[in-house]
Amino acid sequence: MKISGSQAVLESLLQENVEVIFGYPGGAIMPVYDALYDYTNDGRIKHVLVRHEQGAGHAAEGYGRMTGNPGVCLVTSGPGATNLVTAIADAMMDSVPMVCISGQVHSGVIGTDAFQEADVIGITAPVTKWNYQITKASEIPEVMAKAFHIARTGRPGPVLIDITKDAQFEMMDFSYPEDISLQSYQPTTEPHQRQIEIAARYLNNAERPLILVGQGVQIAKAQKELQAFLEKGDFPAAFTLHGLSALHSGHPLHVGFLGMHGNYAPNMLSNKADAVLAIGMRFDDRVTGRLSDYLNDATVIHIDIDPAELNKNVPADVPIVADAKIALQSLTKAIRKNTHTNWIREFKKLYEVEKKQVIDGVTHPKTGEITMAEAVTLLSELTKGEAVVVSDVGQHQMVTARYYRFSRPNSWISSGGMGTMGFGLPAAMGAKFARPDQEVISISGDGGIQMNIQEFTTLAQEQLPVKVIILNNGFLGMVRQWQQLFFEKRYSMVNIQSPDFVTVAKGCGLEADRVVARIDLKKALQKMLDHNGPYVLEIKVEQEENVFPMIPTGSSVDEVRLA
């Protein structure tokens with residue numbers, strides 16, 4: 001039986017077990033939306049009407065990060081597609097599986113500057129793992145199967161499929177490929193055994209080993225393998241921003257958060273390690289600091305599924321291309337049971353220094369206004385570290401990463417590589433669709449929330465029980481902090497006026513509250529958590545609170561500042 005290209009798109013999504021799409025209709029994608037009417041009416045596919053295409057992209061990211069399956073978004077041509085580009089680039093930087101479908105003008109008018117025509121293939125080529133323009137309906141099943149295969153395998157990433165309007169109308173015979181094999185795309189997942197043996201020898205003989213854990217461990221769902229590996233070797237482990245929830249924050253071998261606003265001990269001691277195993281991480285400049293001074297005395301073992309990451313920033317003595325889960329299983333067999341008591345004690349000593357000079361003062365202040373760290377610490381205690389926490393980008397992001405104590409694997413989402421303000425709220429929506437049985441909490445600043453505040457109405461329309469916390473300090477806080485520290489306190493264009501967030505939220509149909517006094521903070525957070533539905537809580541926090549420790553740009557990791 002013949003079906004239309006539009007129906008073929010939706011049948012392809014069903015073949016890939018897609019349950020939810022985040023999108024916004026428009027002229028060039030209207031045939032697909034017309035077909036979607038039937039698929040949503042009988043419950044085969046859920047469509048979430050976001051209020052901006054960027055929101056659709058971030059929501060798909062949130063879904064993809066939680067499940068490991070591609071989040072799907074559906075947009076029209078021209079501005080619909082270009083509005084999506086920031087989210088696509090964000091997904092590319094952070095290795096998030098996503099399939100984006102955009103409508104395109106009729107194939108006969110491509111190149112004529114037709115209404116809402118944009119060269120979305122050219123625009124997205126640098127920020128997608130693969131993209132393709134479909135002009136014939138008969139191409140749809142195979143291209144869609146390729147798109148999902150590429151997005152979810154190897155190093156995950158975003159894929160964009162652009163479909164002309166005539167291809168959406170065209171009739172075709174539908175047959176979906178059972179298997180996809182691409183000769184030019186064969187990701188390596190099994191590590192080379194000889195390299196594993198060499199790595200194990202270095203780790204067995206190390207007196208001061210350090211394991212750097214990145215998002216690749218979470219993508220590979222290798223949290224149990226990581227813990228078994230660490231405990232057998234008695235290895236201290238430090239975590240990148242995206243790796244943070246790969247191990248319980250309270251585990252004795254969890255020595256902290258790496259990088260610019262990470263913990264004092266792992267930054268100070270990175271350059272004292274004699275063997276470093278980096279797994280599923282890419283040596284981002286915020287982790288390494290000044291590269292010329294980084295890990296110069298260590299044997300570096302680097303495991304990543306993307307061979308392009310090996311030797312890109314930091315030379316690896318033992319480069320291993322592999323899936324993190326399989327590599328950790330092999331390494332755990334190869335290493336011997338060991339102890340590194342004195343080395344681990346050094347991390348604990350430096351943690352005590354940071355606790356005394358930084359942590360205690362901001363998490364449990366006795367006077368003054370509420371601090372961001374205080375609010376996040378209390379939230380962590382009330383939720384027992386079991387919530388899925390999604391942060392936007394800025395000071396609150398680093399504060400949340402530092403002070404929320406994650407007790408569940410893969411329970412932390414933020415925008416790392418791109419650092420996209422406006423990411424948090426829509427990504428939390430996607431995470432909630434992926435994890436409906438878990439508490440999902442979005443934490444934003446007063447600047448970031450305004451970049452996608454329109455999604456309040458999506459929350460209300462869906463009655464999606466995401467809890468939204470706005471840490472309002474009246475500034476674009478991270479820029480202000482830099483201006484204070486490095487630009488002689490010349491606060492240039494960072495004093496941001498905000499709307500009455502409670503009124504806006506209520507106007508959108510959400511329950512909302514505001515807290516300004518320390519004495520009311522715990523009660524307000526508990527009221528938010530107890531509410532059965534979406535909820536917005538604005539917390540007025542100290543205006544000029546800074547986030548320390550901090551590694552200034554261009555400095556070595558052991559030049560980290562505590563104040």
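Here are some notes:
- Two-site FRET efficiency, I519 against T135, from Cβ-Cβ distance with R₀ of 60 Å, rounded to 0.05: 0.40
- Each 5 Å bin from 0 upward holds the following percent of the Cα-Cα pairs of segment 268-425: 1, 7, 12, 14, 17, 19, 15, 9, 4, 1, 0.
- Degrees between helix 193-205 axis and first principal axis of the chain (Cα, 0 to 90, nearest 10): 30 degrees
- In this simple spin-label approximation, Q193 and I496 carry label points 7 Å from Cα along the Cα→Cβ vector, and these lie 5.5 nm apart.
- Within segment 280-359, the trypsin sites (Lys or Arg not before Pro) that combine a DSSP coil assignment with at most 11 other C-beta atoms in a 10 angstrom radius are R336, K337.
- Extending 7 Å from Cα along the Cβ direction at H251 and again at N296 yields two label points whose distance is 3.2 nm.
- Radius ratio Rg over Rh of segment 366-455, counting only Cα atoms, Kirkwood formula for Rh: 0.96
- Fraction of the pair-distance distribution of segment 307-362 above 15 Å, Cα-Cα pairs, percent: 71 percent
- Our Cα-only numbers for segment 3-74 put the radius of gyration and Dmax at 11.7, 33 Å.
- Overall form of segment 1-150: rounded. Here a/c, set by the Cα gyration tensor axes a ≥ b ≥ c, is under 1.5.
- Solvent exposure of segment 33-179, expressed per residue, is 36 Å² of accessible area, with all protein chains present and a 1.4 angstrom probe.
- Pairwise centroid distance, computed over Cα atoms, of segment 409-446 with segment 15-73, Å: 18 Å
- Accessible area (Å², per residue) of segment 266-393, counting only protein heavy atoms and a probe of 1.4 Å: 43 Å²
- 32 Å Cα-Cα threshold exceeded, pairs from K348/K489; K46/K527; K224/K467; K46/K312; K348/K527: K348/K489; K46/K312; K348/K527
- Simple spin-label estimate for L49 and L14 in nanometres, 7 Å along Cα-Cβ: 2.3 nm
- For the chain: relative contact order, % (alpha-carbon pairs under 8 angstrom, 6 or more apart): 14 percent
- Under the shape rule built on the C-alpha gyration tensor, where the axes satisfy a ≥ b ≥ c, segment 483-525 is oblate, since a/c reaches at least 1.5 while a/b does not exceed b/c.
- Once the Cα-Cα distance is subtracted from the 0.36 nm per residue extended length, the K527 to E544 segment shows a gain of 3.4 nm.
- Taking 0.36 nm per residue of separation and subtracting the Cα-Cα distance, full extension of the segment from Q454 to I180 would add 94.7 nm.
- Percent accessible area from carbon and sulfur atoms, segment 78-211, protein chains only, probe 1.4 Å: 49 percent
- Share of pairwise Cα separations in segment 383-509, more than 18 Å, in percent: 54 percent
- Range of Cα positions in segment 157-284 per principal axis (Å), largest first: 66, 37, 23
- Carbon plus sulfur fraction of accessible area for segment 286-339, probe 1.4 Å, in percent: 47 percent
- Ellipsoid semi-axes in whole angstrom, largest first, where each is sqrt(5λ) of the Cα gyration tensor of segment 433-483: 26, 12, 8
- Here r is the Cβ-Cβ distance between D42 and E231 and R0 is 56 Å; the resulting FRET efficiency, rounded to 0.05, is 0.65.
- J(HN,Hα) series, segment 297-310, from Karplus relation 6.51 cos²θ - 1.76 cosθ + 1.60, nearest Hz, glycine and proline x: 9, 10, 7, 9, 10, 10, 10, 7, 7, 9, x, 5, 7, 6
- Fraction in percent of alpha-carbon pairs per bin - 20 Å, the chain: 22, 52, 26, 1
- Taking the convex hull of Cα positions in segment 108-183, its mean projected area over all directions (nm²): 6.0 nm²
- Taking every alpha-carbon pair under 8 Å whose residues sit at least 6 apart, segment 270-383 reaches a relative contact order of 17 percent.
- Sequence ranges 245-253, 483-491, 98-106, 6-14, ranked by mean other-Cβ count within 10 angstrom, highest first: 98-106, 6-14, 245-253, 483-491
- Convex hull (Cα only) mean projected area of segment 332-416, reported in nm² to one decimal: 8.1 nm²
- With 0.36 nm allotted per residue and the present C-alpha distance subtracted, the N205-E381 stretch has 59.4 nm of extension available.
- In segment 98-182, GluC sites (Glu not before Pro) in a DSSP loop with at most 14 other beta-carbon atoms within 10 Å: E178
- Taking a ≥ b ≥ c as the square roots of the eigenvalues of the alpha carbon gyration tensor, segment 520-563 is prolate, as a/c is not under 1.5 and a/b beats b/c.
- Calculated FRET efficiency for the pair K489/T553, C-beta based, R₀ 22 Å, to 0.05: 0.80
The values are calculated or read from the model by the stated rules, or taken from the named source; none is laboratory data. Computed from a predicted structure; not experimentally measured. Quick reminder, even Gly has a Cβ in these numbers, built from the backbone with ideal geometry, and neighbours come from all protein chains shown. These accessible areas exclude ligands, DNA and RNA; they are computed on the full protein's heavy atoms, side chains included. Shrake-Rupley method; radii C 1.70, N 1.55, O 1.52, S 1.80 Å.
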